[in-house]
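Take a look at the structure below.
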Amino acid sequence: MKNLAPAISPPSGIGDRKAGNQAVLDWVHEVELLAKPENVFWCDGSERERDYLLQEATKQNVLIKLNEKKVPGSYLHRSNPNDVARVEQFTFICTPTKEEAGPTNNWSEPADTYSKLHGLLKGAMTGRTLFVVPYIMGPPDSPLTKVGFEITDSIYVVLSMRIMTRMGAVAVKRLGNDPAAEWNRGVHSLLDVDPARRFICHFPQDNTIISVGSGYGGNVLLSKKCLALRIGSYLARKQGWMAEHMLILGVESPEGKKHYVAAAFPSACGKTNFAMLVPPKHFARWKVTTVGDDIAWMQIRDGRLFAVNPENGYFGVVPGTSYKSNPNAMKSIEHDTLYTNVALADDGDVWWEGKDGPPPKHAIDWKGNDWAPDSKEKAAHPNSRFATPMRNNPVLDPHVEDGEGVPISAIIFGGRRSHTMPLVFQSFDWEHGVYLGATMASETTAAATGAVGQVRRDPMAMLPFCGYNIGDYFRHWLAIGKRLTKPPLIFNVNWFRKGQGGRFLWPGFGDNMRVLKWIIDRCQGSDGALKSPIGWLPGLHDLDLAELEIDHKRIDELLEIDHEQWKKELAEHKKFFDSLGGVVPEELMKQREEVAARFAE
Ligand code: OXD
Ligand code: MN
């Protein structure tokens with residue numbers, strides 16, 4: 001069988017420096033004895049190392065160099081067509097008891113799982129290079145920052161981790177020599193990229209992740225979903241902080257008053273777009289800046305929540321990204337970007353559905369086949385991705401490196417809902433806000449394998465990412481609320497409501513600034529809101545709609561609360577809570593009854 005990742009043999013001075021901590025050295029040695037690689041490569045994060053790895057990856061056809069004039073410093077990777085998204089069905093939480101993993105996770109017994117995975121890893125790196133990737137999640141001087149080491153046999157993973165994390169010497173330094181220091185052990189091997197031998201396994205008690213059989217980012221960049229969310233959420237509960245699937249943005253008014261908000265939307269529902277929002281002309285003097293586009297780690301200080309973005313880059317969905325939908329993302333991915341599964345134009349540029357301008361007359365599609373505009377196949381996979389350093393973002397927030405984090409004024413939940421959910425509403429208090437998060441739902445997207453477009457409950461957008469029992473996760477949210485003297489206000493948004501004929505009612509993108517402005521007004525004590533059974537809604541005149549061509553009937557439709565639809569919605573909430581088998585805290589069950597009672601008033 002063809003070796004999918006042939007060993008590289010670097011010149012001396014590249015790949016041969018080791019981590020100083022004996023615990024790390026022992027662990028790497030153990031994995032080496034098991035996986036039997038040709039050699040071991042220690043990443044230091046240097047430019048010289050990057051240049052060498054890019055050159056090798058191109059030689060091995062793992063990467064294709066793009067046109068240096070059109071997309072400088074950028075490369076294209078094509079994954080195996082059987083391996084294009086996260087695989088929730090093969091993702092496991094391996095806690096000592098099934099109850100600890102809870103009703104929303106696949107559980108697998110730790111000892112059996114280790115033994116199965118060790119069987120799969122035995123000799124798996126024969127003829128390959130074992131890369132050791134030291135990395136940190138969080139700014140180098142943050143109390144929240146965590147150290148991880150990922151062992152991988154994929155050069156694409158190494159090059160992606162360089163973008164997505166602070167990688168190399170910085171992590172070795174942060175870890176130090178203490179044999180008892182906390183650090184995450186991650187082992188990844190492509191094996192033979194066979195879905196039958198694909199498992200993403202988390203051992204929260206051991207701070208360990210083992211991922212085999214995939215090369216797709218969400219399954220193999222172990223820093224991201226695996227450490228920053230699944231293991232992260234477990235550690236956060238134990239240590240009294242929060243690890244959430246949230247973007248973080250800053251919004252500054254023309255008077256110079258600045259707020260930060262964090263927003264949890266499920267995968268591929270516009271977190272990156274919202275985090276890089278360009279306000280419409282009418283709001284030209286408002287500034288929106290990005291702290292993070294996917295993950296927030298939050299801690300309590302002075303009775304408030306402060307957030308850091310643990311990542312160092314963006315791993316975003318490409319299709320639909322254009323200068324119209326997200327100019328800041330486009331500027332970010334114009335250079336030094338690693339693309340996966342987009343189309344390659346004949347001039348060495350990249351192309352995808354929804355990119356500005358006409359499609360190329362001929363291209364090579366994401367599977368490597370000839371493509372033309374009249375082809376039935378998509379040129380780019382719907383879940384094709386970019387990995388780009390956050391430094392490329394022209395609206396990067398100046399406080400992104402602050403170790404203490406930025407103070408959060410509002411938390412926003414949201415999903416993709418064609419009906420029922422109004423454009424925006426505010427919870428009555430923290431506990432009611434937790435209920436909004438716990439009952440969140442969204443129509444599924446291509447970010448995970450499975451049917452697209454079905455409404456599924458996705459509490460706090462964490463359904464695929466909560467590393468422990470969801471009932472305890474809800475309890476953790478409630479407990480955090482009790483410790484906050486100045487809690488963020490909690491909102492729910494829905495950019496995706498549809499009217500007659502299935503057309504979207506709200507223009508979205510930059511115009512979401514109008515909703516954000518109302519949220520900020522509320523954080524500043526504005527009383528421009530109307531009480532409804534589901535929470536506070538903006539009145540027609542509370543939203544700044546200047547210079548937006550939208551008739552008031554449409555705004556009414558966007559804000560409408562249809563009692564019949566809500567009856568069904570509340571029944572769905574009950575069904576969802578019941579499906580969790582008794583783990584939902586009493587407070588949230590009561591919240592549901594209170595909403596129902598307000599409808600009956
Ligand atoms: C992501 C996801 O890649 O949520 O961020 O799937
Ligand atoms: Mn995500």
Problem set entry | residue 89 paired with residue 589, simple spin-label distance in nm, labels 7 Å along Cα-to-beta-carbon | 3.3 nm
Problem set entry | Per-pair calculated FRET efficiency, R0 = 45 Å: residue 377 and residue 551 via Cβ, rounded to 0.05 | 0.70
Exercise. Efficiency by 1/(1 + (r/R0)^6): what FRET value for residue 322 and residue 173, r their Cβ-Cβ distance, R0 = 41 Å, to the nearest 0.05?
Worked result: 0.50
Problem set entry | Percent accessible area from carbon and sulfur atoms, the chain, protein chains only, probe 1.4 Å | 52 percent
Problem set entry | Stokes-Einstein D in µm²/s, Kirkwood radius over Cα pairs - region 44-160 at 37 °C with 0.692 mPa s viscosity | 185 µm²/s
Exercise. For the chain, what is the calculated [θ] at 222 nm in deg cm²/dmol (nearest 500), taking -39500 (n - 2.57) for each run of four or more DSSP H residues and dividing by its residue count?
Worked result: -7500 deg cm²/dmol
Problem set entry | DSSP bridge orientation in the chain - percent antiparallel, rounded to nearest 5 | 65 percent
Problem set entry | Theoretical gain in end-to-end length, residue 531 to residue 281 [0.36 nm per residue, Cα-Cα removed] | 86.9 nm
For this session: With an 8 Å cut-off on Cα pairs and a minimum separation of 6 or more residues, tell me the relative contact order of region 481-601 in percent.
Result: 20 percent
For this session: Calculate, for region 147-196, the solvent-accessible area per residue in square angstrom, rolling a 1.4 angstrom probe over the heavy atoms of the protein chains.
Result: 30 Å²
Problem set entry | Sparse-neighbour loop sites [chymotrypsin sites (Phe, Trp or Tyr not before Pro); region 253-361; at most 16 other C-beta within 10 Å; DSSP] | 323
For this session: Considering Cα pairs under 8 angstrom that are at least six residues apart, work out the relative contact order of the chain and quote it in whole percent.
Result: 14 percent
Exercise. Counting only residues 5 or more places away or on other chains, whose amide H sits under 5 Å from the amide H of residue 350 once H atoms are built in the peptide plane?
Worked result: 345
Exercise. In percent, what relative contact order does region 434-513 have, based on Cα pairs under 8 Å that are 6 or more apart in sequence?
Worked result: 19 percent
For this session: Could you work out the mean projected area of the convex hull around the alpha carbons of region 1-81, in square nanometres to one decimal?
Result: 7.5 nm²
Seminar exercise, completed: accessible surface per residue for region 504-564, probe 1.4 Å, DNA/RNA/ligands not counted, whole Å² -> 49 Å²
Exercise. Could you give the angle, 0 to 90 degrees to the nearest 10, between helix 110-121's Cα long axis and the longest principal axis of the Cα atoms of the chain?
Worked result: 50 degrees
Exercise. Which of the trypsin sites (Lys or Arg not before Pro) across region 248-314 are loop residues per DSSP, with 14 or fewer other Cβ within 10 Å?
Worked result: 257, 285
Problem set entry | region 389-539 - Rg (one decimal) and Dmax (whole number), Cα, Å | 16.8, 49
For this session: Please compute P(r) over all alpha-carbon pairs of region 271-365, binned at 5 Å starting from zero, and give each bin as a whole-number percent.
Result: 2, 11, 18, 19, 15, 13, 9, 6, 3, 2, 1, 0
Exercise. Taking only protein heavy atoms and a 1.4 Å probe, what accessible area per residue, in Å², does region 301-419 have with all protein chains in place?
Worked result: 37 Å²
Problem set entry | Distance between region 371-422 and region 107-155 - C-alpha centres, whole angstrom | 26 Å
Exercise. Relative to the first principal axis of the alpha-carbon coordinates of the chain, what is the inclination of helix 512-523, with its axis defined by its Cα atoms, in degrees from 0 to 90 and to the nearest 10?
Worked result: 70 degrees
Problem set entry | Evaluated over the chain, the Cα radius of gyration and Dmax, each in Å | 23.7, 77
Problem set entry | Long-range amide H partners of residue 490 with built H, under 5 Å | 411, 427
Exercise. Within region 1-91, which chymotrypsin sites (Phe, Trp or Tyr not before Pro) sit in a loop by DSSP and count at most 15 neighbouring Cβ atoms inside 10 Å?
Worked result: none
Seminar exercise, completed: Helix 155-164: inclination vs the chain longest Cα principal axis, degrees, rounded to 10, gives 40 degrees
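The values are calculated or read from the model by the stated rules, or taken from the named source; none is laboratory data. All values derive from a computational prediction rather than experimental measurement. FYI the Cβ positions are ideal-geometry reconstructions off the backbone, even for glycines, and counts take in every protein chain you see. For accessibility, only protein heavy atoms count, side chains too; no ligands or nucleic acids. Shrake-Rupley method; radii C 1.70, N 1.55, O 1.52, S 1.80 Å.
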